[in-house]
Structures are given as structure tokens and as C-alpha cells.
Amino acid sequence: MHKTTLSLLSLLPLAGQALAQADKRPNIVFIMTDDHTAQMMSCYGNSPVLTPNLDRIAREGVRFSNSFVANSLSGPSRACMLTGKHSHKNGFTGNEQSVFDGTQQTMPKLLQEAGYQTALIGKWHLVSTPTGFDYYEILPGQGDYYNPDFIEMDGSVRREQGYCTDLITEKSIAWLEQRDKERPFILFVHHKACHRDWLPPLKYLREYEDTVFPLPSNFRDDWAGRLAAQQQEMSIASPHDMDIAYDNKMWLPGDTTRLSDLYLSYISRLSPEDSAAYHQFYDSLSVAFRQAPLEGERLAEWKFQRYMRDYAKVTRSLDDNVGKLLDYLEQSGLTDNTLIVYTSDQGFYMGEHGWFDKRFMYEESLNTPLLMRLPEGYGRRGVVREMVQNIDYAPTFLELAGAPVPSDMQGMSLLPLLRTQKGKAKWRKAVYYHYYEYPAEHSVKRHYGIRTERWKLIHFYNDIDEWELFDLKNDPSEMRNLYGDPRYHKAQSRLGKQLRQLQLLYDDPIEQQLLGVTAD
Ligand code: SGN
Ligand code: CA
């Protein structure tokens, strides 16, 4: 035998030992965006914009067609994901009223204990200091699109130069580069995009300007038969709700609107050069808008087009950046052994019911996009139709890591659905929802409800006492409230019972509280 071959052979047992020691459990890259909705993703069909990189995840992996949140708002969704529990159990019920109790059990802490490296880059929005992360760099509150501040682990605040979505991606890749390559990891990439007020990257200012977006069929919904919907403040047409300066960027020196100061504070972060480019673009639109004033429905439709265009520009850069991260994972040989998740903190209205924002248990904001590229050994591909919820992510990741799933977690591991193409499991037939943030911005009243494959029953219980029942098969846009209609009596009482069962299952004390209030 050749001498070199011999000496190489003598090294083999050592190499074998090193291999055996490396921890080969799957990694997790969890990409979560803010307010990005399935209607604006081409892999979900019918999207007026293309998202080729998101579509790549769906094509190579799975797309969930019935993916829901438990409470359609940023902080609450994040708390549900971290704990695997509904809001009344994790304690974070609303952005404006809650502080996350970081001493409680969370999925990142459990993964950390199981030997995973844990890192979080981007939006946090849970008020208290993050716990359970080996590394984090977070945006203060909602963060900024332009030259944003980041809070580092020692509490110091650093102002970065650049566009938020680019920076979060760069920082995520930088963390991946320097991690311990012998141990598995979970990386949370939490974007600010596409949150209000949809400030685009300067390179895309002129994109989509020639696109005329189709109006949703129920853009002119009059909310008949739905009292809470009549009393919301998230209407595109309303000058109070969608602000012409802040939301539509139609501002010229001297203008004052309810939110113009907030608008100016965001764009004042641009460098003088970028500010000039920004103003050159929006000022010319503002002048034209001023010269040919619009009113009524024409103004509402014009605001809708502006809203869609800016949202689309922000989405395009998001899609680019997801592509960049996917390329990095592929080039680093990480793709085969990594679960890549793409989701949002909730869905969003793109003009449906005449709205922007979320909060309601109606389909557009109860849904949240969910795509997964699966690690080796998981054979499922295509569309997964089972009803999944954001409380399911924590048990899924723990099971993937081979760590025990605590019995007080309320979500279900998704792995049984993902192992094989015929992945089946004894699965839930209904999801439970509870929204709490009222009184608050956008004036969406507190409500809870149940959604099954066919039906939805909602109870708006504070300020008003209103029930709504929808037949999703015959009325997918939820325009006809069937509650109290004798023809649907059977469905109504069956759903009422199922709803109470879910409240018992999840131990939500709302009914007793309401009874207590009535008894007083
Ligand atoms: C801000 C926005 C609201 C939005 C909430 C919650 N107003 O307050 O439009 O509903 O965030 O969004 S703004 O004037 O500050 O833009 S969440 O996604 O973080 O829950
Ligand atoms: Ca959000």
C-alpha cells in the first residue's frame, strides 16, 4: 500500500470520532414577517405581485392552506409562538396592555437547554428583555425602516445605516457565519416589513407605479348585519383611519394631518441625499394629487392603489432578502438539515371589507401565511390542508430537536403531518381565537370564536353583545351574518357547543368572567 494512503487510513478512526461527536440534529431558520398576508404571495394564488423566493420555499417544501393565528396582533402572536399557548395562558393579550413575562417557560429556553444555539434578529415587540437567546439584536418597539436603531444584548442602542429588511438579513447571515458549527441552532429572523406605514427601499420607489391593482369584490362593504365591523376604525376610505400624509405619503411642506408628525419623524431618518430622492418621488405625486382633487369613491380607490403600490414595494424587497438568505443556506450546505419556516405575525386586509390592518377573526387576518422547507427525512410536499395554528410551532420545533414537549403546551406538533406524503394524524377539527385589544387604535371590539372547516361563530362581548355566524363554503368573504336565522339553527347550536368545549380544553375563563360581570 502507498505510504500516504496508509497514513491517511490511520487518521480515519479519529475523523470518525469527531463526526460522531458533532450534533447532527436539524437546524431551524424561522423567518417571520410583520403584517405580510397570503393575498400578497404568489404561491397562495391570485396575488397581484410575484414573490419568487417565497414561492421557492413552497415549491421545494410545503404550503399550509389553513394556517391561523390565535390572536391577530403582533405581540400576542409572538407570545403564542414562543410559549405554544393561547394568550390567556401566556399573559400577553395585547400590544398596548401587556409586558411579556420572560421568566415563563418558552420554546427558545427549552431548545437552549436541549443544546441548541438560539439567536433572534429583528422585531421583538414584547416589551420585556428577551430571555432564552444566546444572541439577540432587536428593534426597539416597531422599529424603523430607514437607518433603524438596534438594541444589543448589553442594552446599548446602535443606529445602523441602511434599509431595515436588508440589515436584518445581513445580521442574520453574519450570525450564521460565526456560530458554533458543531451544534444545531435555531435562528429567528423577524422582519419589520411589511408593517404600516409601508416605507419602500429607495431602489424600489418607482416599482409597481404602472400597476393597477384589482379592487376586492367587497371593497365597498357596508358591514350590514355586523355591528363590530360598522364600528371599526381601519377603513381605507376614512381620512381619520387611513391618513393621507402618513399612510399615502401625500405630504407637502406646511401640511398638517393627524399623523403627519409621525410620518415626518420616520422619513427624517434618511440621509440628506436619500431624503432628496424620496421627496423628489413623492412630492411630484403629491403635487399632481393636489392639482386634481378627488372625492368620495374615487378618492377611496385612489388611496387603495397607493396603499397597494407601497405595500408591494416593501414586499418585493422582503422577497429579495428571503432569497438572499435561502442562497446563503444552500451555499453553506445547510439546506438538507434545516427546517426553514416562513410565516407572518398575522394576515392583513388588502382592501377586503374596505380595510387595512388586522385584529378581526375574519379570514384575511385570522389566516397567516405558512411555508416550510423540510429537512431530510420529511417527505411531505405540496399543500397541507389541516387546520394549524401559531401555538403549534413550539411543540413542532421541540419534537424536531428531540426535546420533550411539556404537557402544558397547548399546540400540537406538526411533524406527524410532515413525515410522509400521506402524512396523517388525529388532527383538530376546529381552532379557537380570542382578541383582546379594546379600547385601542382601530377600535376592534374584543371577541372570541371558533372556526371549523365550514363554519365560523364569533362573539363580540364588550361594549356590544353580538354574535356572528358565517357559512364559509357559501359566503367565503363573510358578508352575511347568519346568526339567529332559523334555517341555520342546527349549525349555530352545534358550533356553540364546540366553542364551549374549546374554552374548556384551553381553559379560557372568559365565559365565567362574563357571567360574573352579568351577575354583578
Ligand atoms: C401601530 C400602527 C397600527 C397597528 C399597530 C399594531 N399604527 O400602532 O396601525 O395596528 O401598530 O400592529 S401606526 O400609526 O403606529 O402606524 S402590530 O402588527 O405591531 O400588532
Ligand atoms: Ca403585525
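Things worth noting here:
- Selection of first residues in the stretch 327-355 that are farther than 20 Å from ASP247 by Cα and of second residues that are among the aromatic types (Phe, Trp, Tyr) and not in a loop (DSSP other than H, G, I, E, B), restricted to Cβ pairs under 6 Å at least 6 apart or on distinct chains, gives the following pairs, ordered by first then second residue: VAL341/PHE30.
- Within the stretch 172-200, being away from ligand 1 (no atom under 11 Å from the Cβ), part of a loop (DSSP other than H, G, I, E, B) and either surrounded by 22 or more Cβ atoms within 10 Å (Cβ to Cβ) or of a type in the set (Val, Ile, Thr) (or both) holds for PRO184, HIS191, ALA193, PRO200.
- Filtering the stretch 331-354 to residues that are within 16 Å of ligand 2 (Cβ to nearest atom) and either in a helix (DSSP H, G or I) or under 19 Å from PRO76 (Cβ atoms) (or both) leaves THR343, SER344, ASP345, GLN346, GLY347, PHE348, TYR349.
- Selection of the stretch 415-446 for residues being more than 16 Å from ligand 1 (Cβ to nearest atom) and within 21 Å of LEU502 (Cα to Cα) yields ALA425, LYS426, TRP427, ARG428, LYS429, ALA430, VAL431, TYR432.
- All positions within the stretch 107-127 that are within 23 Å of the chain's Cα centre (by Cα), over 19 Å from ASP34 (Cβ atoms) and without any contact (Cβ under 8 Å) to a residue 60 or more places away in the chain: LYS109
- Of all residues in the stretch 272-280, none are part of a loop (DSSP other than H, G, I, E, B), out of contact with any His (no Cβ under 7 Å at 6 or more places or on another chain), in contact (Cβ under 8 Å) with a residue 24 or more places away in the chain and not charged (D, E, K, R).
- Checking THR129, THR93, THR103 one by one, the residue that is assigned to a loop (DSSP other than H, G, I, E, B), away from ligand 1 (no atom under 14 Å from the Cβ) and over 24 Å from GLU170 (Cβ atoms) is THR103 and no other.
- Restricted to the stretch 231-262, and to residues there that are of a type in the set (D, E, K, R) and in a loop (DSSP other than H, G, I, E, B), the residue that is nearest to ALA288 (Cα to Cα) is LYS249.
- Here GLY94 qualifies as of a type outside the set (D, E, K, R), surrounded by fewer than 22 Cβ atoms within 10 Å (Cβ to Cβ) and under 18 Å from the mean Cα position of the chain (by Cα).
- Residues of the stretch 151-196 classified as under 24 Å from LEU259 (Cα atoms), touching a Lys or Arg at 6+ places or on another chain (Cβ under 6 Å) and hydrophobic (A, V, I, L, M, F, W, C), total: 1
- Matching residues in the stretch 445-470 - criterion: being in contact with a Lys or Arg (Cβ under 9 Å, 6 or more places away or on another chain), over 18 Å from GLN230 (Cβ atoms) and aromatic (Phe, Trp, Tyr): TRP455
- Of all residues in the stretch 266-297 being farther than 30 Å from ILE168 by Cα, of a type in the set (D, E, K, R) and more than 31 Å from the chain's Cα centre (by Cα), the one that is surrounded by the most Cβ atoms within 10 Å (Cβ to Cβ): ARG290
- Members of the stretch 323-352 found to be touching a Lys or Arg at 6+ places or on another chain (Cβ under 9 Å) and either within 19 Å of ASN390 (Cβ to Cβ) or within 16 Å of ligand 1 (Cβ to nearest atom) (or both), listed by number: LEU339, ILE340, VAL341, TYR342, ASP345, GLN346, GLY347, PHE348, TYR349
- Some residue of the stretch 49-64 being surrounded by fewer than 22 Cβ atoms within 10 Å (Cβ to Cβ), farther than 23 Å from ARG373 by Cα, in contact (Cβ under 8 Å) with a residue 12 or more places away in the chain and of a type outside the set (Phe, Trp, Tyr): no
- Hits in the stretch 435-457 - residues which are over 17 Å from ASN481 (Cβ atoms), of a type outside the set (Gly, Ala, Ser) and within 16 Å of ligand 2 (Cβ to nearest atom): TYR435, TYR436, GLU437, GLU441, HIS442
- Candidate set from the stretch 132-163 (those that are more than 16 Å from ligand 1 (Cβ to nearest atom) and among the β-branched types (Val, Ile, Thr)); member that is nearest to ALA79 (Cα to Cα): ILE151
- Residues that are surrounded by fewer than 15 Cβ atoms within 10 Å (Cβ to Cβ) and of a type outside the set (Asp, Glu), drawn from the stretch 143-169: MET153, GLY155, SER156, VAL157, ARG158, ARG159, GLN161, GLY162
- Residues in the stretch 370-415 that are under 11 Å from VAL62 (Cα atoms) and in a loop (DSSP other than H, G, I, E, B): LEU374, TYR378, GLY379, ARG380, ARG381, ARG385.
Here, each number is a calculation from the coordinates, and none is a lab measurement. All figures in this text were calculated on a predicted structure; none of them were measured in a lab. Cβ coordinates were reconstructed from backbone atoms using ideal geometry, including for glycine residues, and neighbour counts include every protein chain displayed.
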